[in-house]
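J.: Here it is, the structure in full.
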Amino acid sequence: MRRFLLWKVCLCLFACFFIVSMVEAKHRNFKVSVYVRAYEVDKMKDTQWLESTWKTISEQLDVDKIYLETHRDLLIVDDATLEKAKNFFLKQGLEVAGGITYTIDESNDFETFCYSDPEHRKIVQNIAEHTAKHFDEFLLDDFFFTSCKSPAEIAAKGNMTWTEYRLKLMNEAGRNLVVGPAKAVNPKVKVIIKYPNWYDHFAGLGFNLQDGPFIFDGVWTGTETRDPGSDQHLQNYLSYNIMRYFENLRPGYNGGGWVDSGGINMSMDRYAEQLHLTAIAKGRDVMLFAYNQLIDVPLRNEFRGPWQGTGTSWDYDQMRAPFQNNGKTVTPSTMARIADVVLRKADELCGKLGNPIGIKSYKPFHALGEDFLQNYLGMIGLPMDMYPTFATDQNIILLTEQAAGDPDIMTKIKKQIQGGHDVIITTGLLKAIPEKIAEVCELRCSDLKAIVNDFGRFGKSKREFIIPQVLYQTNDSWEVISAGRPLTGGVSGYPILHKALYSGAYLYVLTVPDDKGNLYDYPEAALNEIRRVMSQDMDFYMEGPAKVSMFMYDNKTLIVENFNDEPVDIKLVGDTKFKKFTNLEDGTVLNANQEDILIKYTRKPMSKFSMTVKPHSYMAFKYE
């Protein structure tokens, strides 16, 4: 009998281990999750609808975890339906968590709750308690902020600014209406806040990146960038950059990134890029929003970009072809298949990458100015790494206009330069604090503008655009790159990159055009020089056109990704000690060519690796 019981226990343990192993084996380097809105969770009371829709998704996509939303737009899913859906997905071998969207009416300009209104406060708290009853973890979707300006809120604000008031109000609401009540109901519950993609404007609506990551048990990251020409105008690179920034807020507590179908109308590749960038930013989880999109967005001919069929990184024709799943032939029908193919490939790659590194840029909490600039810089081949603190371990640090929000910024700048390390500031910061910058160099950036298209020996742009005029005292500081209309044979020119020597190191000024998108119009040679100056802490910098990004990792791996509709020729330039690039996906080898580069009036031998990157594609390498 004892032997039988021992054998039975061992068998049960083996079965449990086998099941866990099967779940964990779906993806090795991150989880893949699906978020289900309250509208669809409510439909799951219908067993046939639940089973048929899950069949559509699960045949095309391997899922590790699912989030079941309890509330959105005043729809609260009842206890029985939540438990039915939860138990169904547990039986499928998935992890199950909850979700809340704190909106009154999403269709009415994302109408939010008024967190000083007693009735609204009761509703918010009840929703948190209701969710904690059913789940040991739940996540707040984008909308735990407030745009309410009701008479009650206006009275409560008093003499504070809206930003001051809302930061204080939402901290209190997070502690006292959500986290505290949820943990009172379920002491084991983890409450996660998902921050959306518009991070530079958070403070004005109460999202507090300084306190929030510590009030809640963790954060999630909105990495959806969609169509840059649509409402938010977010650049492709943000899908990577925002992951790194939120990780730096409280290292180890950024749960993952969140992508929806927005932008898929541009091509399958625009959706694929968002998933890929979220993964290579070393997200611990990639969330697919949402269940309804994965069942309702069909694979369409118009998702096939003109560059498809040329050997690009993601093959839409392959995605649409029938495939085998557990011995069964499946004909792909929805965008779930796109996500599966992209994330399987990303999973293979991510296991070979180290920790991301980049050019450190200081962004003080709640500071405004030159909004989202680092994402434009990422799109011209500068690997960005944003921090809420001033890095003191770098050969060069980037400061945008937002650094003016630090009252001690000049003390930090001078300490950096006097320590023998460079600082690069933007024209926005120069204009914001000219008297302080004058402690290092007397420069001016007023409201004067210039129209330029000629960068002299660095080439010409394809269009004219407007830049702020940087003015300086002759022989006290120097132009590195200049531009005019024309510059060669013209009568005037203005700095694009400027330098001022101070105590043995340089203060650089980078001119940011009035339209930040015009950075993409800078000629290649000008971009190359900007990259060289700014990449002092990187093993490599890139030579080539704009809309090509570079991603660096601490284990001597890197990725270059082309967001253009055409193939591009680029070169990666580094120290002569680097002799060989090995492609991380196909094992092919690139050997270095040695060229002399003019640096500070002397020629220095450098290794150059040449490659052609196909449109909407990436190449990943290990170098030695």
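Where a number appears in this text, it was derived from the coordinates with a stated rule and is not lab data. All values derive from a computational prediction rather than experimental measurement. Cβ coordinates were reconstructed from backbone atoms using ideal geometry, including for glycine residues, and neighbour counts include every protein chain displayed.
J.: Starting from the alpha-carbon convex hull of the range 28-350, give the projected area averaged over all orientations, in nm².
T.: Its average projected convex-hull area is 16.6 nm².
J.: May I ask for the distance between the Cα centers of the range 604-624 and the range 389-419, given as a whole number of Å?
T.: 31
J.: Which values of log₁₀ I(q)/I(0), to two decimal places, follow from the Debye formula for the range 374-528 at q = 0.13, 0.21 Å⁻¹ with a uniform point scatterer at every Cα?
T.: For the requested q values the scattering log ratios are -0.58, -1.46.
J.: Below 8 Å, C-alpha to C-alpha, sequence gap of six or more: please give me the relative contact order for the chain in percent.
T.: Relative contact order comes out at 9 percent.
J.: Could you tell me which of ILE467, LEU430, PRO567 has its Cα farthest along the dipole of the range 356-623 towards the positive end, charges placed at Cβ (Lys, Arg +1; Asp, Glu -1), taken about the Cα centre?
T.: Value computed over the given set: PRO567.
J.: With the crude spin-label approximation of a point 7 Å out along Cα→Cβ, what separation in nm comes out for ASP371 versus GLU595?
T.: In this crude label model, ASP371 to GLU595 measures out at 3.9 nm.
J.: If you keep only loop residues by DSSP, which chymotrypsin sites (Phe, Trp or Tyr not before Pro) in the range 288-331 have at most 10 other Cβ atoms within 10 Å of their Cβ?
T.: Passing sites in the range 288-331 do not exist.
J.: At 1.567 mPa s and 4 °C, plugging the Kirkwood radius over alpha-carbon pairs of the range 88-186 into Stokes-Einstein gives what diffusion coefficient in µm²/s?
T.: D, rounded to a whole number, is 89 µm²/s.
J.: With each pseudo-label sitting 7 Å past Cα toward Cβ, what's the GLU83-THR161 distance in nm, one decimal?
T.: Label-label distance for GLU83 and THR161, simple model: 5.0 nm.
J.: Cα convex hull of the range 302-427: how many Å³ per residue?
T.: Output value, Cα hull per residue: 186 Å³.
J.: Treating the Cα atoms of the chain as identical point scatterers in vacuum, please give the log10 of the normalised Debye intensity I(q)/I(0) at q = 0.07, 0.09 Å⁻¹, two decimals.
T.: -0.49, -0.79
J.: Can you show me the helix-derived [θ] at 222 nm for the chain, built from DSSP H runs with n ≥ 4 at -39,500 (n - 2.57) apiece and divided by the number of residues, rounded to the nearest 500.
T.: -9000 deg cm²/dmol
J.: Dividing the Cα convex hull volume of the range 384-473 by residue count, how many Å³ per residue is that?
T.: Convex hull volume per residue, Cα atoms: 140 Å³.
J.: Taking neighbour counts of Cβ atoms within 10 Å as a proxy for exposure, in what order, fewest first, do ILE396, ILE338 appear?
T.: Placing the least packed residue first, the sequence is ILE396, ILE338.
J.: Can you work out the FRET efficiency for the pair ASN126 and GLN92, with r the C-beta to C-beta distance and R0 = 30 Å, to the nearest 0.05?
T.: It comes to 0.50.
J.: Assigning unit charges at the beta carbon (Lys, Arg +1; Asp, Glu -1) and nothing else, what dipole magnitude in debye, to the nearest 20, does the range 356-623 show about its Cα centre?
T.: It comes to approximately 580 debye.
J.: I'm a student and want to see the number: the projected area of the Cα convex hull of the range 356-623, averaged over all directions, in nm².
T.: Average of the hull's projected areas for the range 356-623 equals 14.1 nm².
J.: Can you give the charge dipole size of the chain about its Cα centre, rounded to the nearest 20 debye, using +1 on the beta carbon of Lys and Arg and -1 on the beta carbon of Asp and Glu?
T.: With only Lys, Arg, Asp and Glu charged at Cβ, the dipole is about 1700 debye.
J.: So for the range 28-350: antiparallel DSSP bridges make up what percent, rounded to the nearest 5?
T.: Values: 8 of 40 bridges.
The antiparallel proportion sits near 20 percent.
J.: Can you give the extra length, in nm with one decimal, that the chain gains between THR392 and LYS149 once fully stretched, where that is 0.36 nm per residue apart less the Cα-Cα distance?
T.: Details: separation 243, 0.36 × 243 = 87.48 nm, distance 4.15 nm.
Stretched out fully, the THR392 to LYS149 stretch lengthens by 83.3 nm.
J.: One quarter of the convex hull surface, Cα atoms only: what value does that give for the range 495-624 in nm²?
T.: 9.0
J.: Let me ask you something else. Between ASP211 and ASN171, what length in nm is gained on full extension when 0.36 nm per residue of separation is reduced by their alpha carbon distance?
T.: Full extension of this stretch gives 13.7 nm more.
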